[in-house]
Amino acid sequence: MTQFKAPLRDIQFVINEVLDYESHYKTLPGGEEATPDMVDAISTEAAKFSEEVLSPLNHIGDQEGCQWQEGDVITPKGFKEAYQMWVDGGWQGLSHPTEYGGQGMPMSLGLIKSEFVGTANWAWGMYPGLSLGAMNTLYVHGTEAQKQEYLTPLCSGVWSGTMCLTEAHCGSDLGQMKSKAERQDDGSFKLNGTKIFISAGEHDLTENIVHIVLARIPGAPEGTKGISLFIVPKFLPAEDGSVGPRNGVRCGSIEEKMGIHGNATCVLNFDDATGYLLGKENEGLAAMFTFMNTARVGTAIQGLAASELAYQNALPYALDRYSMRSLSGSKNPDKPGDAIIHHADVRRMLLTARAFAEGGRAMLYDAAKFADKMTHSATEAERDEAENELGFLTPILKAFLTETGLESASNGMQVFGGHGYIKEHGMEQIYRDARIATMYEGTTGIQAMDLIGRKVVLDKFKLYTAFSKKLYGFGFKTLLKGKRRKYAVKVLSTTLCWNWKTIKMLARASKDRDTVSAASYDFLMYSGYLSMAYYWARMAEVAERKLAAGEGDTAFYQSKLETAEFYFSRLLPRAKAHASAMDSSTDSVMGMSEEHFGIR
């Protein structure tokens, strides 16, 4: 089974030395509470809970899975007790307003908690993780009465939340959904329909579950413009805030899945279920994006978690497994072979996972600063700006980090050889659990189309241009005054190529619309490698400066430089292949007729 050790030192490096969270928090109303000592204390306790409580349950959850019994779901042994510890510790509302029972800390501080929990035990972490999306949606779109009634128990953790989007016939095309919401005389609605793939949709961890549901009011416009959003609790709240009568929503079944067995993926049936409109009528999809963006960033954490956990568990094996001799001469002459850490290909796999984990961490923690501004900025204009900037980064974070996380999980298995394929070491569980991450909350292809279509073209290049300017600004500054000028050159040249290829692609798209969809995946992956290069260049610059000044742990900073060198030498060159693919003819993808697909 896998072991987990919270990467506290690396997180401290990212948030303190690279991203300067301390100064950032001072710009936020109430952010002065998040002092470095407070951040360290919260991080340490979250690490302890994740290492000692959640990590030992990871294998148990995978082996036992969830059990469906006449509409109820029983979670694996130890899950319920761990969740009560979570509630007792006040973890759920860490980054939510104090007026609803939260602790009022910045959203980015909650990211540390989420990373630790997710890496230690992703299946368990999805239960409180889905609640965060429900909480954010209620906070942004709910009335004050709805916040008092639902957000308060969600912040405490005694209630949990889900999002109910898709149906069996529509997948990601939510305009096809058929769930109906009939208006009642008292202002409520009666919902009827079936939702599928509802993570944490039914369980025994909390006394109530608050479902955030998309449905169509009769007479509404067709397609996505006629979708509204509703609050549908499992139990209707009583007047005193306690749990009242059972609502008309039941779990019809749970899915048999490849991984994440400890979290129930439910089919939910709504039969005259009482619901309450959340936000404006027929604007439900826009409101749901608050939840979806939360979930997409959460899924990006899963990609980071897969890379981190794969690296942590493959490394000890590589140090202790002796097989064959090193090509450069025997390293362990007293053993029957040399430790496989001395074989270059094993190092390649380990360094790939490490570079993706540490680079992905810097990407996520910088993006989290926009989430802080979304919820804490003084003006609506500032909040909107932060939301737009985070929105541009979200598809890159979600898709790129989950793709690289899956690659890391695969490499982790490969380090073990045949032993990685069997269950004893837990490496295959990392892969199975991570596999869904590239698919849910929008597949990699959907994220790619969102990036190039909505975030670049429809935005008229504003956010794309702003991000490019940030890369150029860093590159030229480092080129003139920095220590790692060769990395600055690579960031600059890769950004220039990104801009040029984008212009060429869109110019071709004016005559052939399929150009964009055919090139979108490569555009997204190129964007991911470029983004990560920017953060690795920043980390290398800090490490070089610390070494030159003789400050801190020399070995730590040296290892940063060595990992950065691997990234720029071995991983960033992949972007060139994606650039070449973006240039290739659309006919190479779209030219084959449907009939020829069946000819073998």
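The values are calculated or read from the model by the stated rules, or taken from the named source; none is laboratory data. What you are looking at is a predicted structure, and each value in this text was computed from that prediction instead of being measured. Here Cβ is always computed from backbone atoms with ideal geometry, including for glycine, and neighbour counts include all displayed protein chains.
Set side by side, the residues SER323, SER307 differ, and just one is modelled with pLDDT of 90 or more and crowded, with 20+ Cβ neighbours inside 10 Å, which is SER307.
Can you find, within the stretch 324-355, the residue that is nearest to ILE15 (Cα to Cα) among those that are touching a residue at least 60 places away in the same chain (Cβ under 8 Å) and not basic (Lys, Arg)? I'd like the intermediate steps shown before the answer.
Kept after step one, since they are touching a residue at least 60 places away in the same chain (Cβ under 8 Å), are these residues of the stretch 324-355: 340, 346, 348-352, 354-355.
Of the ones still in play, those that are also not basic (Lys, Arg) are 340, 346, 349-352, 355.
On the way: ILE340: 34, VAL346: 30, MET349: 26, LEU350: 24, LEU351: 22, THR352: 22, ALA355: 17 Å.
In this case the residue turns out to be ALA355.
Scanning the stretch 499-541 for residues that are closer than 20 Å to VAL18 by Cβ and among the acidic types (Asp, Glu) gives a single hit, GLU541. Screening the candidates THR554, THR515, THR494 for the property of being modelled with pLDDT of 95 or more and buried (at least 20 other Cβ atoms within 10 Å of the Cβ) yields one hit, THR494. Scanning the stretch 273-324 for residues that are in contact with a His (Cβ under 9 Å, 6 or more places away or on another chain) and hydroxyl-bearing (Ser, Thr, Tyr) gives THR290, TYR317, SER323. Within the stretch 321-335, does at least one residue satisfy the condition of being among the aromatic types (Phe, Trp, Tyr), in the same structural domain as GLY405 (by TED's automatic domain parsing) and touching a Ser or Thr at 6+ places or on another chain (Cβ under 8 Å)? No. Against the list (1) over 27 Å from the mean Cα position of the chain (by Cα); (2) buried (at least 20 other Cβ atoms within 10 Å of the Cβ), the condition SER588 fails is (2). Here is a list: ALA548, ALA509. Which entry is farther than 20 Å from GLY453 by Cα, over 24 Å from the mean Cα position of the chain (by Cα) and not acidic (Asp, Glu)? Just one listed residue meets the conditions, ALA548. Would you point out the residue of the stretch 239-264, among those that are modelled with pLDDT of 95 or more and small (Gly, Ala, Ser), that is farthest from the chain's Cα centre (by Cα)? Top of the filtered list is GLY244. Only one of these conditions is not met by VAL232: (1) buried (at least 20 other Cβ atoms within 10 Å of the Cβ); (2) at pLDDT 95 or above; (3) within 19 Å of the chain's Cα centre (by Cα). Which number is it? Result: VAL232 passes all but (3).
Of the numbered criteria (1) hydroxyl-bearing (Ser, Thr, Tyr); (2) surrounded by fewer than 16 Cβ atoms within 10 Å (Cβ to Cβ); (3) within 29 Å of GLU358 (Cβ to Cβ), the one SER510 fails is (3).
Within the stretch 206-220, restricting attention to residues that are of a type in the set (A, V, I, L, M) and more than 23 Å from the chain's Cα centre (by Cα), the residue that is nearest to ASP88 (Cα to Cα) is ALA215. PRO218 meets each of the listed conditions (1) closer than 21 Å to PRO245 by Cβ; (2) in a loop (DSSP other than H, G, I, E, B) apart from (1). Just one residue in the set ALA34, ALA46 is of a type in the set (Gly, Ala, Ser), outside the structural domain of ALA537 (by TED's automatic domain parsing) and more than 14 Å from PHE116 (Cβ to Cβ); that residue is ALA34.
Just one of the numbered conditions (1) surrounded by fewer than 20 Cβ atoms within 10 Å (Cβ to Cβ); (2) under 30 Å from LEU111 (Cα atoms) is not true of PRO237: (2).
Among the residues of the stretch 388-410, is there at least one that is part of a helix (DSSP H, G or I), among the polar types (S, T, N, Q), over 26 Å from TRP536 (Cβ atoms) and over 18 Å from the mean Cα position of the chain (by Cα)? Within the stretch 388-410 (the criterion being part of a helix (DSSP H, G or I), among the polar types (S, T, N, Q), over 26 Å from TRP536 (Cβ atoms) and over 18 Å from the mean Cα position of the chain (by Cα)), the answer is no, since none of the residues qualifies.
Return yes when SER520 is assigned to a helix (DSSP H, G or I), surrounded by fewer than 21 Cβ atoms within 10 Å (Cβ to Cβ), modelled with pLDDT of 95 or more and not hydrophobic (A, V, I, L, M, F, W, C) and no when it is not. No. Filtering the stretch 257-289 to residues that are crowded, with 24+ Cβ neighbours inside 10 Å and out of contact with any strand residue (DSSP E or B) (no Cβ under 9 Å at 6 or more places or on another chain) leaves only GLY262. If only residues of the stretch 207-224 that are over 18 Å from THR194 (Cα atoms) and touching a residue at least 60 places away in the same chain (Cβ under 8 Å) are counted, the one that is surrounded by the fewest Cβ atoms within 10 Å (Cβ to Cβ) is PRO221. Could you tell me whether any residue of the stretch 407-416 is touching a residue at least 60 places away in the same chain (Cβ under 8 Å) and within 30 Å of TYR139 (Cα to Cα)? Looking for residues that are touching a residue at least 60 places away in the same chain (Cβ under 8 Å) and within 30 Å of TYR139 (Cα to Cα), one finds none in the stretch 407-416, hence no.
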